[in-house]
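All remarks here apply to the structure that follows.
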Amino acid sequence: MASTLVTCIGLLSTQAEMGEVHDAALVIDGDRIAWVGRSGSAPPTDGRVDVQGRAVLPGFVDSHAHLVFAGDRAGEFAARMSGSAYSAGGIRSTVAATRSASDEALRANVSRLVHELIRSGSTTFEIKSGYGLTTQDEERSLRIAAEFTPETTYLGAHVVPPEYADNAAGYVDLVTGEMLEACAPHARWVDVFCDRGAFDADQARAILSAGIGAGLAPRVHANQLQHGPGVQVAVEVGAASADHCTHLDDRDVAALADSSTVATLLPGAEFSTRSPYPDARRLIDAGVTVALATDCNPGSSYTTSMPFCIAVAVREMRMTPAEAIRAATRGGAAALRREDIGRIEVGGRADLVVLDAPDPVHLAYRPGVDLIHQVWRSGALARKADHREP
Ligand code: NIG
Ligand code: FE
């Protein structure tokens with residue numbers, strides 16, 4: 001397999017043991033990083049790419065996205081911006097649109113969003129089901145998701161669908177029974193929305209333990225809309241991640257700090273629902289591992305841009321630029337329990353973002369500007385450079 005030298009990297013942010021390397025180079029061999037060091041001392045390779053002093057960092061790891069859906073909810077967003085509140089119930093309108101869409105339409109929508117994700121520097125992304133909410137529609141959502149990523153999440157427990165409005169217990173039986181059996185072969189993870197208007201602690205425990213019994217690993221939508229039991233349930237079941245973490249008390253922060261559960265923060269959701277942001281500073285100071293992700297979905301956060309999330313996290317969540325960049329790379333990898341991504345080191349996957357900027361700090365410093373020059377994904381150029389000067 002051909003090897004490529006990426007050289008004249010002004011600043012390489014490895015997010016690994018080497019830290020930051022100035023005037024750096026690296027070698028890509030197949031889909032892996034084969035060497036990292038200073039520009040002058042690189043070994044011979046088949047090809048060579050000169051990035052002319054640009055900054056390079058690991059590809060972003062978007063560990064939380066809901067991409068299998070039809071339609072949008074722009075009207076709901078506009079209404080919110082003129083004062084209406086966000087509620088979990090809005091999910092049901094996307095469920096209706098998703099159920100009546102063809103497989104081809106759903107696949108085309110996922111493909112469009114995946115294209116956006118990769119263009120904005122995400123080289124790994126998780127995809128959840130959760131807008132089908134019948135056995136057949138959840139199974140096909142995960143089957144389609146698995147065409148795009150190995151990080152697929154069964155979220156049959158997103159909300160109780162209308163046909164079970166008076167029988168939530170019956171819906172939990174479905175989610176833990178027949179629906180789980182159909183979905184488990186296509187999923188790596190099981191998730192539950194444990195919050196106001198969705199599922200309570202006992203229901204969440206039942207759903208997560210059934211998922212674990214079927215070989216899936218747990219993660220939880222926790223404490224987004226109000227303070228509740230989500231984070232405690234996540235820690236209790238050993239979830240890889242508790243996601244949202246907007247409304248936490250001291251016990252929640254302590255429980256996260258004492259566990260291996262990552263707190264995944266989703267600033268796009270607070271931005272798009274005009275809600276108070278989670279306090280990343282409090283979590284980081286307590287020793288919690290923090291990840292940033294887009295939460296891309298048509299209701300609460302219709303963005304695929306990790307750079308946008310980094311900028312908002314720095315401005316609104318008391319994160320330093322370095323912390324936000326780490327959370328968007330290595331933090332996301334931790335939330336997916338992956339060690340081959342989210343860092344640049346020998347043996348790891350060759351997933352890189354080359355920035356049209358001298359330092360990754362520019363991701364927060366230049367909000368809303370497309371600074372992505374190139375994206376390398378598994379050693380292949382996934383976004384080519386536009387014709388811009390460095
Ligand atoms: O993560 N919180 C639950 N699910 C999504 C919202 C989904 C929707 O509104 O369609 C979220 O924000
Ligand atoms: Fe979500």
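Derivation of every value follows stated rules applied to the coordinates shown; laboratory data play no part. Because the structure is predicted, anything quoted here is derived from the model rather than measured. Don't worry about glycine lacking a Cβ; one is built from the backbone with ideal geometry, like all the others, and counts go over all protein chains shown.
Starting from the amide H of A16, placed 1.01 Å from N in the peptide plane, find each other amide H under 5 Å away whose residue is 5 or more places distant or on another chain.
Sorted by chain and number, the residues that satisfy this are I344.
Please compute the contact order of segment 61-335 in relative form: average sequence separation of alpha-carbon pairs under 8 Å and at least six residues apart, divided by the residue count, as a percent.
18
State the percent of C-alpha pairs, over all pairs in segment 311-390, separated by a distance greater than 21 angstrom.
Summing the P(r) tail past 21 Å for segment 311-390 gives 35 percent.
Please list, ordered by chain and number, the residues whose modelled amide H lies under 5 Å from the amide H of S241; skip anything fewer than 5 residues away on the same chain.
So S241 has HN proximity to V220, V262.
Among the trypsin sites (Lys or Arg not before Pro) in segment 1-97, which ones are in a DSSP loop with at most 12 other Cβ atoms within 10 Å of the Cβ? Mind listing them?
none
Return the sequence-ordered ³J(HN,Hα) values of segment 159-164 in whole Hz as given by the Karplus equation 6.51 cos²θ - 1.76 cosθ + 1.60 applied to θ = phi - 60°, using x for Gly and Pro.
Once rounded to whole Hz, the list reads 9, 7, x, x, 5, 10.
Can you give the FRET efficiency to the nearest 0.05 for A257 and A168, using r as the Cβ-Cβ distance and R₀ = 45 Å?
Details: r = 33 Å, r/R0 = 0.73.
In this case the efficiency is close to 0.85.
Sticking with the crude label model, points 7 Å out along Cα→Cβ, report the distance from Q226 to H115 in nm, one decimal please.
Taking the simple label geometry, Q226 and H115 are separated by 4.2 nm.
Would any residue of segment 311-326 have its amide N under 19 Å from a label point 7 Å out along Cα→Cβ of H22? List them or say none.
Hits in segment 311-326 for H22 at 19 Å: 322.
How much length is gained if the chain between A78 and D386 is pulled fully straight, taking 0.36 nm per residue apart and subtracting their Cα-Cα distance, in nm to one decimal?
On the way: separation 308, 0.36 × 308 = 110.88 nm, distance 3.35 nm.
Extra length available between A78 and D386 comes to 107.5 nm.
Averaging over all projection directions, find the projected area of the Cα convex hull of segment 251-334 and quote it in nm² with one decimal place.
Across all orientations, segment 251-334 yields a mean hull projection of 5.1 nm².
Could you give the length gained by full extension between A286 and Q52, i.e. 0.36 nm per residue of separation minus their alpha carbon distance, to one decimal place? Spell out each step's value before the answer.
Details: separation 234, 0.36 × 234 = 84.24 nm, distance 3.96 nm.
The A286-Q52 span can extend by a further 80.3 nm.
For segment 6-14, just list the computed ³J(HN,Hα) in residue order, Karplus coefficients 6.51, -1.76 and 1.60, θ = phi - 60°, integers in Hz, with x standing in for Gly and Pro.
9, 10, 6, 7, x, 9, 9, 9, 7
With a point put 7 Å past each Cα toward its Cβ, work out how far A85 is from A201 in nm, to one decimal.
Those two pseudo-labels are separated by 2.3 nm.
Each label point is 7 Å from the Cα along the Cα-to-Cβ direction; what then is the distance between the points at Y365 and V346, in nm?
Result: 3.2 nm between the two label points.
Quick one: S122, S301, S272, fewest Cβ neighbours within 10 Å first, how do they rank?
S272, S301, S122
Is it possible to state the helix-based mean residue ellipticity at 222 nm for the chain, with each DSSP H run of 4+ residues giving -39500 (n - 2.57), the sum divided by total residues, to the nearest 500 deg cm²/dmol? What is it?
Counting only the DSSP helices, I get -9000 deg cm²/dmol.
Output ³J(HN,Hα) for segment 330-344: one whole-Hz value per residue in order, computed from phi by the Karplus curve 6.51 cos²θ - 1.76 cosθ + 1.60 with θ = phi - 60°, and x for Gly and Pro.
Values, residue by residue: 5, x, x, 4, 5, 5, 9, 6, 10, 10, 9, 9, x, 7, 10 Hz.
Return the equivalent ellipsoid semi-axes of the chain as a descending list in whole Å, where each equals the square root of 5 times an eigenvalue of the C-alpha gyration tensor.
After diagonalising the Cα gyration tensor, the semi-axes are 36, 22, 20 Å.
May I ask for the distance between the Cα centers of segment 266-328 and segment 49-116, given as a whole number of Å?
If you average the Cα positions of each part, the centres end up 16 Å apart.
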